[in-house]
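Input: a single structure, listed below in structure tokens.
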Amino acid sequence: MTKEFYFVHSYYAEVVPETAGVTEYAGVKFTAMVKKGRLWACQFHPEKSGRIGLELIKEWLSC
């Protein structure tokens, strides 16, 4: 299932071993989320991504 998150930046990070989520725009695949140990970071704005963003934040807080 595809989940849509709110992106606002014109820059992107390349896909690396720590990549936990990938997205594609204009034929370019790039890192949307990374995870290293207990640290998670995302390129998108979960707080501006509606219900799906709130679900992601709740999931992170429960870890």
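Each value in this text was obtained by applying a stated rule to the coordinates, not by laboratory testing. Keep in mind it's a predicted model, so treat the numbers as computed, not measured. Cβ: placed from backbone, ideal geometry, glycine included. Neighbour counts: every protein chain shown.
Ordering VAL28, GLY53, TRP40 by Cα displacement along the dipole of the stretch 19-62 toward the positive end leaves TRP40 in first place; charges were set at the Cβ atoms of Lys, Arg (+1) and Asp, Glu (-1). With bins 10 Å wide beginning at 0, the percent of Cα pairs of the stretch 19-62 falling in each bin runs 25, 53, 20, 1.
Only Lys, Arg, Asp and Glu carry charge here, each on its Cβ (+1 for the first two, -1 for the last two); on that basis the chain has a dipole of about 160 debye about its Cα centre.
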